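Visitor: My questions will all concern the structure given below.
The values are calculated or read from the model by the stated rules, or taken from the named source; none is laboratory data. Quantities reported herein were computed from a predicted structural model and do not represent experimental measurements. A quick note on method: Cβ atoms are made from the backbone with ideal geometry, for glycine too, and the neighbour counts reach across all protein chains shown. Ligands, DNA and RNA are excluded from the accessible area calculation, which covers all protein heavy atoms including side chains. Shrake-Rupley method; radii C 1.70, N 1.55, O 1.52, S 1.80 Å.
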Amino acid sequence: MKITAADVIVTSPDRNFVTLRITTDEGLTGLGDATLNGRELAVVAYLREHVVPLLIGSDASRIEDTWQFLYRSAYWRRGPVTMTASAAVDMALWDIKGKAAGMPVYQLLGGASRDGLMAYGHASGKTTDELFDSIREHLDAGYRSIRVQTGVPGLKAIYGIASQAAAAGGGEARYDHEPARRGARPTEEDWDTRAYLKHLPGVFEAVRNEFGPDLPLLHDGHHRMTPIQAAKLGKSLEPYDLFWLEDCTPAENQEALRLVRQHTTTPLAIGEIFNTVWDFKDLIRDQLIDYVRGAVTHMGGITPLRKTLDYAAQYQIKSGMHGPTDVSPVGMAAAMHLGLAIHNFGIQEYMPHGARTNEVFEQSFSWSGGYLHPGEKPGLGVELNADAAGRYPYEQAYLPYNRLADGTVHDW
Ligand code: GCO
Ligand code: MG
């Protein structure tokens, strides 16, 4: 089965998405997600200029070999752009293999290890009252695990809080993962770690008092703390029994987690910005984390992330795959198939995409009782509606960034 075409499709229904569509001489097509939020066109160029010419004429059934060829023959390996491009090829080839076999991808990965994937949703509020409303909305929508992000007194705009302006204007109150705001410059937000560390434990105490001890609660530190600050936070949140504390320190420094780990029993999750098993190696081997946050889309595809998760399994470390709305429905489907098949699944992040995105990407997953399931369609179960995609052209967009009170740039 030969690859006859590989098209890179850029569309911006609710936000920018990059999709690779591979076509074979047997008339099968496969989709891969190549979306790198805020740096989308770098992956488009990498695919169009350097990868697509290598794919034409090659054997679509050779998934492992194609992955190794793209990784090793480039010489310049790793990095978000390269690995996102490779991920798109890998996903598209798994999609094709599933369609050729007449099976959903999870069956090719060994079959289901569970009935459904427990998923967490994103509750947030500038104030505790708004946060409570948001938690109630998520519980009503079926979520049984909730990420809690709160405003901090004195700070105007921070990561993870649903836009109240949108809600007041009749728009969606749902936090949409900072949809890489459209415009020529990134929006500036403000940050103060001391104020955050002082405020957060009280918010978790209030949430526990209101919603009880059983609800699994998560929190994302989004890379903003030093190791000792993160250690302090982990310790101060222990009474509230978090499911995990995510990205408590900048992810580049694996040693930082060693210090945090020495001080707290709050479970730790990291890795949404990682690209290969090398970023996780020490964290897994030294048991410094509890959850692997890698996304299929940014970790080079199903093939390498499966290996990383199998490695993690030897240390009882579980998956917690990244699933914000900047992972496209194709990347989400890939995560669901992988999560259903592996033994060490932990939890899946899940934020529903908007109506326009669902018009472009026709999907077959289900969401019920707090659990996701990728469905039984052969392949990944997602098809791209090219007419709808064409109606939403690319728009330049950036993620926001942070400055401290004195004007210093800080991790967002
Ligand atoms: C998460 C992430 C996202 C990222 C976003 C950047 O936990 O889902 O931290 O909120 O900020 O994916 O593009
Ligand atoms: Mg995160």
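Visitor: Which of the numbered conditions does residue 326 fail, given that it passes all the others? Conditions: (1) touching a helix residue (DSSP H, G or I) at 6+ places or on another chain (Cβ under 6 Å); (2) closer than 26 Å to residue 22 by Cβ.
Guide: Result: residue 326 fails condition (1) only.
Visitor: Continuing with this model, one more query. Read through the list (1) part of a loop (DSSP other than H, G, I, E, B); (2) within 16 Å of ligand 1 (Cβ to nearest atom); (3) open to solvent by less than 40 Å² (accessible area, probe 1.4 Å); (4) not small (Gly, Ala, Ser), then give the number of the only condition that residue 215 fails.
Guide: Here residue 215 meets the rest and fails (2).
Visitor: Given the conditions (1) part of a helix (DSSP H, G or I); (2) crowded, with 16+ Cβ neighbours inside 10 Å; (3) of a type in the set (S, T, N, Q), which single one is not true for residue 23?
Guide: (1)
Visitor: What helices (runs of 4 or more DSSP H) completely inside segment 45-149 contain at least 3 residues that are open to solvent by less than 50 Å² (accessible area, probe 1.4 Å) and farther than 24 Å from residue 22 by Cβ?
Guide: 128-140
Visitor: Continuing with this model, one more query. Go through segment 108-145 and report how many residues are within 16 Å of ligand 2 (Cβ to nearest atom) and either over 28 Å from residue 343 (Cβ atoms) or without any contact (Cβ under 8 Å) to a residue 60 or more places away in the chain (or both).
Guide: The qualifying residues number 2.
Visitor: Sticking with this structure for a sec: Out of everything in segment 306-332 that is farther than 25 Å from residue 161 by Cβ and open to solvent by less than 10 Å² (accessible area, probe 1.4 Å), what residue ends up being nearest to ligand 2 (Cβ to nearest atom)?
Guide: This residue is 319.
Visitor: Would you please list the contacts, defined by Cβ atoms under 6 Å and residues six or more apart or on different chains, that run from a residue in segment 253-265 that is of a type in the set (D, E, K, R) to a residue that is at pLDDT 95 or above and surrounded by 20 or more Cβ atoms within 10 Å (Cβ to Cβ)?
Guide: Listed by first residue and then by second, the contacts come to 258/288; 261/288.
Visitor: Hey, residue 404 hits all of (1) farther than 16 Å from residue 116 by Cβ; (2) touching a His at 6+ places or on another chain (Cβ under 8 Å); (3) within 16 Å of ligand 2 (Cβ to nearest atom) but one; which does it fall short on?
Guide: Condition (3) is where residue 404 drops out.
Visitor: Also: Which of (1) over 23 Å from residue 198 (Cα atoms); (2) within 16 Å of ligand 1 (Cβ to nearest atom); (3) touching a residue at least 60 places away in the same chain (Cβ under 8 Å); (4) open to solvent by 10 Å² or more (accessible area, probe 1.4 Å) is the odd one out, the single condition residue 222 does not satisfy?
Guide: The number of the failed condition is (1).
Visitor: State whether one or more residues within segment 74-87 are closer than 24 Å to residue 389 by Cβ, among the aromatic types (Phe, Trp, Tyr) and out of contact with any helix residue (DSSP H, G or I) (no Cβ under 7 Å at 6 or more places or on another chain).
Guide: Taking every residue of segment 74-87 in turn, none turns out to be closer than 24 Å to residue 389 by Cβ, among the aromatic types (Phe, Trp, Tyr) and out of contact with any helix residue (DSSP H, G or I) (no Cβ under 7 Å at 6 or more places or on another chain).
Visitor: Starting from residues that are open to solvent by 70 Å² or more (accessible area, probe 1.4 Å) and either small (Gly, Ala, Ser) or more than 19 Å from the chain's Cα centre (by Cα) (or both), keep the ones in segment 239-257 and report whichever is farthest from ligand 1 (Cβ to nearest atom).
Guide: Among those that are open to solvent by 70 Å² or more (accessible area, probe 1.4 Å) and either small (Gly, Ala, Ser) or more than 19 Å from the chain's Cα centre (by Cα) (or both), it is 239.
Visitor: Quick check on my filter: what residues within segment 258-290 are acidic (Asp, Glu) and within 16 Å of ligand 1 (Cβ to nearest atom)?
Guide: Residues satisfying the conditions are 272, 279, 290.
Visitor: So, one more: On the basis of being within 16 Å of ligand 1 (Cβ to nearest atom) and out of contact with any Leu (no Cβ under 9 Å at 6 or more places or on another chain), does residue 354 make the cut?
Guide: Yes; evaluated as a whole, the condition is true for this residue.
Visitor: Which residue is nearest to residue 326 (Cα to Cα), if the candidates are limited to segment 18-40 and must be within 16 Å of ligand 1 (Cβ to nearest atom) and touching a strand residue (DSSP E or B) at 6+ places or on another chain (Cβ under 6 Å)?
Guide: The extreme case among them is 35.
Visitor: May I pose another question? I need the full set of residues from segment 380-397 which are in a loop (DSSP other than H, G, I, E, B) and hydrophobic (A, V, I, L, M, F, W, C), in order please.
Guide: 380
Visitor: Does segment 333-342 contain any residue that is open to solvent by 10 Å² or more (accessible area, probe 1.4 Å) and assigned to a loop (DSSP other than H, G, I, E, B)?
Guide: The answer is no, given that none of the residues of segment 333-342 is open to solvent by 10 Å² or more (accessible area, probe 1.4 Å) and assigned to a loop (DSSP other than H, G, I, E, B).
Visitor: Given the criteria open to solvent by 10 Å² or more (accessible area, probe 1.4 Å), more than 16 Å from the chain's Cα centre (by Cα) and aliphatic (A, V, I, L, M), does residue 355 qualify?
Guide: yes
Visitor: Follow-up. Can you confirm whether segment 281-291 contains a residue that is open to solvent by 10 Å² or more (accessible area, probe 1.4 Å) and within 21 Å of residue 72 (Cα to Cα)?
Guide: Among the residues of segment 281-291, at least one is open to solvent by 10 Å² or more (accessible area, probe 1.4 Å) and within 21 Å of residue 72 (Cα to Cα), which makes the answer yes.
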